[in-house]
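The values are calculated or read from the model by the stated rules, or taken from the named source; none is laboratory data. Keep in mind that this is a model prediction, so the values were computed, not measured. We place every Cβ from the backbone using ideal geometry, glycine too, and count neighbours over all the protein chains shown.
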Amino acid sequence: MWTLILGVVGAFLIGGAISLKSQKAHISWIIALWVLAGLSLIAAWSLTY
C-alpha cells in the first residue's frame, strides 16, 4: 500500500517539475521537486524489498 502511495506522489512531483520547467520557474524549485520525487521513488522501491 505504501509503495503505491509513494509511487503516485513521485509521479506527481515529476509532473510538477516538468510543468514548472515549461513555465520557466526558478531552477531551485525545479531541482527541489526532482530531488523529492527521487527520494519518494527510492523509498517506494526500498519498501518493495
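Answer yes or no: is there a residue in segment 26-43 that is out of contact with any helix residue (DSSP H, G or I) (no Cβ under 9 Å at 6 or more places or on another chain) and at pLDDT below 95. No, segment 26-43 has no match at all. Counting only residues that are of a type outside the set (Lys, Arg) and surrounded by 14 or more Cβ atoms within 10 Å (Cβ to Cβ), which one in segment 13-24 is farthest from Tyr49 (Cα to Cα)? Here the answer is Leu20. Kindly provide the set of residues from segment 14-33 that are in a loop (DSSP other than H, G, I, E, B) and basic (Lys, Arg), ordered by number. Listed by number, the list holds a single entry, Lys24.
Within segment 2-49, being on the phi > 0 side of the Ramachandran plot and not charged (D, E, K, R) holds for no residue.
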